[in-house]
Amino acid sequence: QVQLQESGPGLVKPSQTLSLTCTVSGGSITTSYYAWSWIRQPPGKGLEWMGVIAYDGSTYYSPSLKSRTSISRDTSKNQFSLQLTSVTPEDTAVYYCARAISVVGTVRYWGQGTQVTVSS
């Protein structure tokens, strides 16, 4: 059973960088052709796909967030991470890491989500 766990600060100041890490167990982030995503849900709003890192390390980002988003991975730790720069209060959300069956596939496994609040 694949399990994902988000970790990182729950409070970030405006203009700073939001950094989260997803630790994966029960499956390898390098297994073809899985894709590992970051998704967020602002209060009262729907899910927003942020970006993904594929099994081969290739990355893809939401056009609206591309300029501020970076996803990376550490295969030795079976982890992938999210960095979102220049945050504002509009970036306040529950952040999820998740696995899809491919870059264009649907999400099957989710982390429990972690609340990140952007506030001074």
| message | Along the charge dipole of region 60-120, pointing to its positive end and built from +1/-1 on Cβ of Lys, Arg, Asp and Glu, which listed residue (C97, T75, T85) has its Cα farthest out? | response | T75
| message | Need one number: the % of Cα-Cα pairs in region 30-120 sitting beyond the 15 Å mark. | response | 58 percent
| task | Run the numbers on the chain and let me know its relative contact order in percent, using alpha-carbon pairs under 8 Å that are six or more apart. | result | 35 percent
| task | May I ask you to give the average projected area over all directions of the convex hull of the Cα atoms of region 78-117, in nm² rounded to one decimal? | result | 3.8 nm²
| remark: In the chain the accessible area split gives carbon plus sulfur, as whole percent at 1.4 Å, a share of 49 percent
| note | With label points set 7 Å from each Cα along the Cα-to-Cβ direction at R68 and E90, the distance between them in nm comes to 0.7 nm
| task | Looking at the chain, send over the antiparallel percent of its DSSP beta bridges, to the nearest 5. | result | 95 percent
| query | If you roll a 1.4 Å probe over the heavy atoms of the protein chains, what accessible area per residue do you get for the chain, in Å²? | reply | 51 Å²
| query | Sorted by mean Cβ packing within 10 Å, highest first, what order do the peptides 32-43, 53-64 take? | reply | 32-43, 53-64
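The values are calculated or read from the model by the stated rules, or taken from the named source; none is laboratory data. Please read these numbers as outputs of a predicted model, since none were measured by experiment. Using ideal geometry, Cβ is built from the backbone for each residue, glycine included, and neighbour counts are taken over all protein chains shown. Areas reflect the complete protein model, heavy atoms only, side chains present, ligands, DNA and RNA absent. Shrake-Rupley method; radii C 1.70, N 1.55, O 1.52, S 1.80 Å.
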